[in-house]
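The values are calculated or read from the model by the stated rules, or taken from the named source; none is laboratory data. Treat the numbers as computed from the prediction; the structure is a model and nothing was measured. The area values use the complete protein model at the heavy-atom level, side chains included, leaving out ligands, DNA and RNA. Shrake-Rupley method; radii C 1.70, N 1.55, O 1.52, S 1.80 Å.
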Amino acid sequence: MQPRSVAMGCYGVECHEPFCAYGCFREHAAMVRHLVYHITRDPNDVEDLTQEIMLKAYRSLDGYRGGSFRAWLARIARNHCYDVLRRRQTDDLPLADEVLATVEPGPEDVVVWREAVWEVAQAINRLPPVDREILLLRHVHQFSYDEIAAAVNMRPGAVRTRVVRARRKLADLVDGREIRETPELG
């Protein structure tokens, strides 16, 4: 039997397959690691869970039916993380601080910037879990609405609505207002 990567059309160094024995999955591993960290909020488990997810995805390649490979992999990662959290009976799924790039700031700028990042991170951590995930996938990982929909099992229109509402909630929190409750969309 030929290796799975060759069966997929992979021929080593010049491989353009999304996931193979030659390391094509490495381009996706960073996204999975980031998603694992933000869902579990446990830096000690990131590498182990990422490895479990990548192995699970590799073993499930026969179930990949085309479409966005990133969305398929993100869905596996998301489901695996939630399974782990359920086993731990943990409901807290905050999003950690995101580091923003700046151009040679002065000392005052650094202090102001750190305070602003801290305030935004605190506001993000107060968002409902689904809103945090959707904002993470959209703005950090640059997922399309269709990819997010596939990853979180929603319709693309519902994802668009959730992104807009999550941005409003975040703005309310940053401005010091309490977030308004919105109905759950499926």
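Of note:
- In this structure Asp175 has an accessible area near 100 Å², from a 1.4 Å probe over the protein heavy atoms.
- Using 0.36 nm per residue and subtracting the Cα-Cα separation, the extra length available between Arg168 and Ala116 on full extension is 17.0 nm.
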